[in-house]
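Let me begin by presenting the structure, written as structure tokens, before commenting on it.
Values in this text are rule-based calculations from the coordinates and carry no lab data. Worth saying up front: this structure is predicted, and the values here are computed from it rather than measured. Virtual Cβ from ideal backbone geometry, glycine too; neighbours counted across all protein chains shown.
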Amino acid sequence: MDNCIFCKIASGEIPAATLYEDDLFRVILDLGPASKGHALILPKNHYANLYEIPDEMVGKAMVLAKKMGTALKEALGCDGLNVVQNNGEAAGQTVFHFHMHLIPRYQDDQVGLSWTPGTLTDKMKAEVLEKVKKALG
Ligand code: 5GP
Ligand code: ZN
């Protein structure tokens, strides 16, 4: 993808603060961190989102999230860790190259990753169960 910033960062064409690199992934520090140590896991190949990334790659990305999350916890002494992965503009995705956020959390930090719980009504439950099971085939 010629115009993709994360392709350029992942390939090394554009420099970034790299915590880890192998033949498939680069892990960098986010330029606009939610907290100290906020990192991004980037596959070196371009996949726009979770729907497009192959199964074996997304599996490896999760294994890497475990490795990096453990290192962040040990190195920075964070009290928690959010693994966040946005798909589509409506979900807050701004860079359309698959990536996973690793966001170290510290007691009483003001990082806002919460929502107001709604209510699972019987109608909603019935509709969603029916439609998603149909989609799964
Ligand atoms: P999204 O909102 O798509 O899930 O996340 C994109 C993330 O990439 C944001 O947290 C943003 O701060 C980060 N970001 C955008 N451009 C750059 C960049 O050029 N370098 C780095 N290191 N992070 C970037
Ligand atoms: Zn890309």
Filter segment 98-112 for residues that are of a type outside the set (K, R) and in contact with a strand residue (DSSP E or B) (Cβ under 7 Å, 6 or more places away or on another chain) and give the result.
-> F98, H99, M100, H101, L102, I103, P104, V111
Positions within segment 18-41 being over 15 Å from N82 (Cβ atoms), within 7 Å of ligand 1 (Cβ to nearest atom) and surrounded by fewer than 18 Cβ atoms within 10 Å (Cβ to Cβ), in sequence order = L29, L31, G32
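From N82, N87, which residue is within 27 Å of G112 (Cα to Cα) and more than 11 Å from ligand 1 (Cβ to nearest atom)?
Working: N87 fails: more than 11 Å from ligand 1 (Cβ to nearest atom).
One residue alone meets the criteria, N82.
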Does L113 satisfy the criteria of being within 15 Å of ligand 2 (Cβ to nearest atom), within 17 Å of the chain's Cα centre (by Cα) and assigned to a loop (DSSP other than H, G, I, E, B)?
-> no
Looking at segment 32-47, which of the residues that are more than 16 Å from ligand 2 (Cβ to nearest atom) and out of contact with any Phe, Trp or Tyr (no Cβ under 7 Å at 6 or more places or on another chain) is nearest to A65 (Cα to Cα)?
-> A39
Any residue at all in segment 79-97 that is at positive phi and not in a helix (DSSP H, G or I)?
-> yes
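Matching residues to (1) surrounded by 10 or more Cβ atoms within 10 Å (Cβ to Cβ); (2) in contact (Cβ under 8 Å) with a residue 24 or more places away in the chain; (3) within 13 Å of G37 (Cα to Cα):
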position: L81; (1), (2), (3): yes, yes, yes
position: A91; (1), (2), (3): yes, no, no
position: H97; (1), (2), (3): yes, yes, no
position: M100; (1), (2), (3): yes, yes, no
position: Y106; (1), (2), (3): yes, yes, yes
position: G112; (1), (2), (3): no, no, no
